[in-house]
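I have placed the structure first, in the form of structure tokens, so that the comments after it can refer back to it.
The values are calculated or read from the model by the stated rules, or taken from the named source; none is laboratory data. Quantities reported herein were computed from a predicted structural model and do not represent experimental measurements. Here Cβ is always computed from backbone atoms with ideal geometry, including for glycine, and neighbour counts include all displayed protein chains. Just so you know, the surface numbers come from the protein's heavy atoms only, side chains and all, with ligands and any DNA or RNA stripped out. Shrake-Rupley method; radii C 1.70, N 1.55, O 1.52, S 1.80 Å.
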Amino acid sequence: MTHPLFDLSGKTALITGSSRGLGRAFAEGLAQAGARVVLNGVNPQRLEEAAKEMQGQGYDVLTAAFDVADEMAIKAAFDQFDADGVAIDILVNNAGIQFRKPMLELETADWQRVIDINLTAAFVVGREAAKRMAERGQGKIVNIGSLTSELARATVAPYTVAKGGIKMLTKAMAAEWGEAGIQANAIGPGYMVTDMNEALINNPDFDAWVKGRTPMRRWGLPEELAGTCIYLASNASNYVSGQIIYADGGMISVL
Ligand code: GCO
């Protein structure tokens with residue numbers, strides 16, 4: 001039996017970037033806790049496939065194909081939610097990209113794209129969701145940070161800057177939207193087994209570094225983040241706001 005504080009029945013959750021990877025795992029976790037989920041991605045075919053798979057598992061799933069870097073498309077998606085009577089109770093700002101290059105070789109356009117998708121999108125989607133949550137007097141926002149919300153790693157400067165920004169955007173949301181009944185928090189995943197990290201996982205030196213540096217001596221699995229997401233999306237965290245919780249096998253706590 002599920003504890004009632006964690007029950008998401010009757011809630012609708014939008015998870016950006018959820019056709020695969022961490023976003024998909026968040027969507028499955030929230031759906032298992034009873035939420036209807038709205039999957040989002042830029043590739044409509046991949047999105048429909050993901051939705052079909054989840055519907056086949058018995059979950060209540062909608063889709064909204066839009067690019068989180070396209071403000072007009074975001075506004076159109078929320079207008080469509082309004083027209084369809086879909087109220088977003090929970091927003092998981094998950095969509096993200098990585099681009100690894102030393103800063104001395106990094107083009108400004110590549111810097112900007114990483115900032116747009118990993119940081120600015122969380123503000124724009126967050127603003128559109130929060131306007132509507134505020135009208136209803138409640139809402140949950142879960143932003144996805146990173147260990148790089150705290151610490152830098154060579155070759156991923158724009159990602160580091162964006163994820164540091166996510167930590168502070170979360171506090172800004174908590175500061176401004178708390179009185180409207182919205183709680184905003186973040187999850188900081190450690191090194192996870194995802195497509196985005198494939199090159200790192202397949203690099204024996206990097207793999208050894210992650211295992212040596214992580215007290216749990218292994219990479220994390222996407223589904224291991226679901227519990228933290230359910231907690232932050234549920235009534236169990238109703239007086240928690242502005243926090244970032246690291247789910248990282250202990251990595252950020254040790255030298
Ligand atoms: C990298 C990875 C990052 C990390 C993650 C750690 O190049 O460092 O792609 O995304 O996996 O953010 O918290």
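On the basis of being more than 25 Å from A186 (Cα to Cα) and among the aliphatic types (A, V, I, L, M), does A83 make the cut?
Answer is yes for this residue.
Regarding R132, is this residue open to solvent by 10 Å² or more (accessible area, probe 1.4 Å) and either away from the ligand (no atom under 16 Å from the Cβ) or not in a loop (DSSP other than H, G, I, E, B) (or both)? Against the criterion (open to solvent by 10 Å² or more (accessible area, probe 1.4 Å) and either away from the ligand (no atom under 16 Å from the Cβ) or not in a loop (DSSP other than H, G, I, E, B) (or both)), R132 qualifies.
Inside segment 234-251, can you point out the residues that are in a loop (DSSP other than H, G, I, E, B) and more than 30 Å from T12 (Cβ to Cβ)? Show your work before the answer.
Looking only at segment 234-251, we keep the residues that are in a loop (DSSP other than H, G, I, E, B), and these are 234, 238-243, 248-250.
Listed by number, the residues that qualify are G249, G250.
Return yes when W209 is within 18 Å of I90 (Cβ to Cβ) and of a type in the set (F, W, Y) and no when it is not. It is false that W209 is within 18 Å of I90 (Cβ to Cβ) and of a type in the set (F, W, Y). As for segment 56-69, it holds at least one residue that is surrounded by fewer than 17 Cβ atoms within 10 Å (Cβ to Cβ), aliphatic (A, V, I, L, M) and in contact with a strand residue (DSSP E or B) (Cβ under 7 Å, 6 or more places away or on another chain).
Filter segment 146-168 for residues that are closer than 14 Å to A121 by Cβ and not charged (D, E, K, R); which is farthest from the ligand (Cβ to nearest atom)? Outline the logic, then answer.
As a first pass, look at segment 146-168 and keep what is closer than 14 Å to A121 by Cβ: 158-159, 162-163, 165-166.
This time we only want the ones that are not charged (D, E, K, R), so: 158-159, 162, 165-166.
Numbers: P158: 11, Y159: 6, A162: 10, G165: 14, I166: 11 Å.
Taking the candidates together, the pick is G165.
Taking the criterion of being without any contact (Cβ under 8 Å) to a residue 60 or more places away in the chain and of a type in the set (K, R), the residues of segment 143-191 that qualify are R153, K163. Across segment 227-251, the number of residues qualifying as surrounded by 16 or more Cβ atoms within 10 Å (Cβ to Cβ) and within 16 Å of the ligand (Cβ to nearest atom) comes to 9.
If you go through segment 1-47 and pick out every residue that is open to solvent by 10 Å² or more (accessible area, probe 1.4 Å), within 20 Å of E71 (Cα to Cα) and within 12 Å of the chain's Cα centre (by Cα), you end up with 1.
Okay, residues lined up against (1) in contact (Cβ under 8 Å) with a residue 40 or more places away in the chain; (2) closer than 20 Å to C229 by Cα; (3) of a type in the set (A, V, I, L, M, F, W, C):
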site	(1), (2), (3)
A13	yes, yes, yes
A31	no, yes, yes
V37	no, yes, yes
N43	no, no, no
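Looking at A27, A76, A50, which is the one that is farther than 24 Å from Y191 by Cα and hydrophobic (A, V, I, L, M, F, W, C)? Reasoning before the result, please.
Numbers: A27 fails: farther than 24 Å from Y191 by Cα; A50 fails: farther than 24 Å from Y191 by Cα.
Matching residue, one of A27, A76, A50: A76.
Among residues of segment 95-111 being free of Cβ contacts under 8 Å to residues at least 40 places away in the same chain and not acidic (D, E), the one that is nearest to the ligand (Cβ to nearest atom) is L104. Screening segment 84-124 for residues that are among the polar types (S, T, N, Q) and either open to solvent by 70 Å² or more (accessible area, probe 1.4 Å) or part of a helix (DSSP H, G or I) (or both) and picking the one that is farthest from L14 (Cα to Cα) gives T108.
Residues being β-branched (V, I, T), crowded, with 17+ Cβ neighbours inside 10 Å and farther than 30 Å from V210 by Cα are represented in segment 170-188 by at least one member.
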